[in-house]
Structures are given as structure tokens and as C-alpha cells.
Amino acid sequence: MHDNKYHKVGIDNNAGINMIISCNDIHGGATNTYGNQDQSAIKETICIDNEIGCNTMDMTENGIYVIGFLQGATTDIKSNEFNHHTYGFHIGQNSDVVAPQNYKGNRWFFPAIVPGRNAWHENFQISYFVNNPALMP
């Protein structure tokens with residue numbers, strides 16, 4: 001992604017079923033001004049039973065952005081590397097597409113760019129994302 005102003009998404013998975021997004025190195029533009037909430041290294045929209053793993057992401061508004069409501073769907077997010085993002089792992093409003101995520105090896109190397117968060121669910125009351133430090137190796 002050469003210029004974040006024009007390149008909105010590195011990998012855009014829309015309505016994918018049983019897809020594997022793995023081993024990608026996605027970098028936003030060096031002149032990223034951030035602020036475009038849709039701009040993402042990886043964007044999952046209304047997907048079922050996908051795996052997003054072993055990806056390295058840097059200099060995008062969102063590292064991984066998951067949006068869309070599918071009750072009971074499971075998307076496994078594991079072993080990803082998040083670098084400079086406003087929102088490293090972002091689950092959108094009315095999204096319910098992530099399986100329970102006990103320790104899966106996702107790593108954040110830098111603090112989120114203010115006012116962001118390294119991991120954020122816009123409506124955490126319906127989230128299946130579970131962080132259980134007791135299971136960390």
C-alpha cells in the first residue's frame with residue numbers, strides 16, 4: 001500500500017467462507033496521517049469460519065478490521081504482528097464474527113496511536129473475543 005489516502009485496504013475479504021489469510025506483510029504508506037477509520041491492512045466483512053494468521057501489519061489505521069453481524073460464526077485470529085496503528089485489532093459495531101480467542105500468539109509491538117487502542121470492540125457486549133491471561137505461556 002503505497003499511499004494510505006488512496007489505498008484503503010491491503011487485503012479485503014468480503015463474504016469469504018473457510019478462507020485462510022496467512023503469511024502476508026502489509027505496510028501502509030510512509031506518509032500515513034491516520035484518521036480514516038475504514039483504512040485497514042486486512043478487512044473482513046461478513047465472513048464465516050476464516051483464519052487470519054501469521055500476518056505482519058504496519059502503518060495503517062486498522063491492522064485487522066472485522067465488520068458484519070453473523071451469530072455463531074467463527075473467525076480465528078492468531079499469531080499476527082501489529083505495529084503502528086490507531087486500532088491494531090478492531091471489531092466494528094454490531095459485529096459478532098470472532099471465535100473465543102484464548103491466547104493465540106497475537107503480538108502488539110507499539111502502543112496504539114492516540115486516541116486509539118491496540119484492540120477495540122465497538123460493542124463489547126456482543127463480543128466473543130476473550131482474553132484469558134491465565135492461558136498465556
Using a 1.4 angstrom probe on the protein heavy atoms only, line up S95, S79 by accessible area, largest first. S79, S95
Which net charge results when you count Lys and Arg as +1 and Asp and Glu as -1 among the other residues whose beta-carbon is under 11 Å from that of G88? -1
Packing rank of 40-48, 12-20, where each peptide gets the mean count of other beta carbons within 10 Å, highest leading: 40-48, 12-20
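The values are calculated or read from the model by the stated rules, or taken from the named source; none is laboratory data. All values derive from a computational prediction rather than experimental measurement. No Cβ is skipped: glycine too gets one built from the backbone with ideal geometry, and neighbour counts run over all protein chains shown. Ligands, DNA and RNA are stripped out before the accessible areas are found, and what is left, the full protein with its side chains, is counted by its heavy atoms. Shrake-Rupley method; radii C 1.70, N 1.55, O 1.52, S 1.80 Å.
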